1. Please find, within region 156-171, the residue that is least open to solvent (accessible area, probe 1.4 Å) out of those that are over 28 Å from Thr18 (Cα atoms) and among the acidic types (Asp, Glu).
2. Regarding Leu12, is this residue within 18 Å of Asp158 (Cβ to Cβ) and in contact with a His (Cβ under 6 Å, 6 or more places away or on another chain)?
3. Out of curiosity, is Lys194 away from the ligand (no atom under 15 Å from the Cβ) and modelled with pLDDT of 95 or more?
4. Determine, yes or no, whether Val174 is under 30 Å from Leu129 (Cα atoms) and more than 15 Å from the ligand (Cβ to nearest atom).
5. For residues that are surrounded by 18 or more Cβ atoms within 10 Å (Cβ to Cβ) and among the β-branched types (Val, Ile, Thr), scanning just region 212-228, find the one that is nearest to the ligand (Cβ to nearest atom).
6. Just one of the numbered conditions (1) open to solvent by 60 Å² or more (accessible area, probe 1.4 Å); (2) within 11 Å of the ligand (Cβ to nearest atom) is not true of Gly201; which one?
7. Would you pick out the residues in region 231-259 that are away from the ligand (no atom under 14 Å from the Cβ) and touching a strand residue (DSSP E or B) at 6+ places or on another chain (Cβ under 7 Å)?
8. Please identify the pairs in which a residue from region 140-157 that is over 16 Å from Ile274 (Cβ atoms) and away from the ligand (no atom under 12 Å from the Cβ) has its Cβ atom under 6 Å from the Cβ atom of a residue that is among the hydrophobic types (A, V, I, L, M, F, W, C) and not in a helix (DSSP H, G or I), counting only partners at least 6 apart or on another chain.
Amino acid sequence: MGSKISATGHYLPEQIITNDDLAKIMDTSDEWISKRTGIRQRHISKDENTSDLASKAALNILKNRNITADQIDFIIVATMTADAGSPSTACLVQEKIGASKAFCFDINAACSGFVYSLSTGIHLMQSNLYQYGLIIGAETMSKAVNWEDRSTAVLFGDGAGGILLERTEDDCFVAEDIHSDGGRHGALVSDTKKLKSPFSGTAEEEQSYLTMDGRAIFDFAIRSVPDMIRDVMLKGNLVEGDLKKIIAHQANIRLLEAISKKVKLPFSLFASNIADTGNTSAASIPILFDQLVQSKEIQLGTRDKVLMTGFGGGLTWGAIVVSLN
Ligand code: 4VN
């Protein structure tokens, strides 16, 4: 008893911003961005908020499984760019798609959010209480970044993706390895709300854009992710040949190359779409997952094993291996 991934879907906002477009509004270049990150373009929302992207991805997933929204038991949205503090983005998705019987909540674990949410969803399904659960990663990073800071603005993009978990005898769960280190939270901070009440201390300036210590985050990822991949493979009794694909958070192509070298797994195992979408934080893994299903590089119903790994703000990092039952 447990669940399987029975459908996938994603949605990217229509507007594409290329590196050359960015070079017109800030001191950067296509050469710098593409060489150091692998990013060539990103999708940027014009008037759709995170819940709009998430809802469109959700409808896409339901269409691919041919079920209706009122059959869904729960919706989890992984996001660090929620529409509001309350309601959760998941509740807004519920309203937009008409998932009337679902219980809905967000998980904020930054770029690791989809791995955290998939783990949560899979273990909820292991209770055998539910038939269908939607797990979505959705972000509008464009509203979080400072568009005058070329060191961060060029890295991020908007989008949403997700999967449907469906009750089945044969559980898709293989292994997971999930961590946080709040002691290093300062390396990536977004939407800082300062204390502001008649009873607070000093009235501070409100700062509402994302700041990242790129060096620190990059060093953290190159140190922690290879160890985590090794550990999750050990936990699942897996060797290289057992993995069909590694779907890692799309933060930087140079980082993925370095991780591949360090864990001694061929770079061809590492899927990538960063050239087209940039870093979409919690949405990057599920968008790429659906694109791989659509292009038949991975296939549901095969028992092939896929390793997903996210890492970023929090700090948070996590890896999960599932079988594509
Ligand atoms: C994980 C990572 C990053 C990230 C950090 C740094 C970085 C991406 C800094 C150096 C710069 C190229 C770009 Cl590794 C971000 C997240 C958050 O999702 C997670 N790029 N860079 C250069 O080469 O000078």
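1. For region 156-171, the residue satisfying everything is Glu166.
2. In short, yes.
3. It is false that Lys194 is away from the ligand (no atom under 15 Å from the Cβ) and modelled with pLDDT of 95 or more.
4. Details: under 30 Å from Leu129 (Cα atoms): yes; more than 15 Å from the ligand (Cβ to nearest atom): yes.
Answer is yes for this residue.
5. Ile217
6. Checking Gly201 against (1) open to solvent by 60 Å² or more (accessible area, probe 1.4 Å); (2) within 11 Å of the ligand (Cβ to nearest atom), the one that fails is (2).
7. Asp231, Val232, Lys235, Gly236, Leu238, Asp242, Leu243, Lys244, Lys245, Ile246, Ile247
8. Short answer, once both residue conditions are applied: Ser142/Ile44.
The values are calculated or read from the model by the stated rules, or taken from the named source; none is laboratory data. Here the structure is a predicted model, which means the values were calculated and not measured. Cβ: placed from backbone, ideal geometry, glycine included. Neighbour counts: every protein chain shown. Heavy atoms of the whole protein, side chains included, go into the accessibility calculation; ligands, DNA and RNA do not. Shrake-Rupley method; radii C 1.70, N 1.55, O 1.52, S 1.80 Å.
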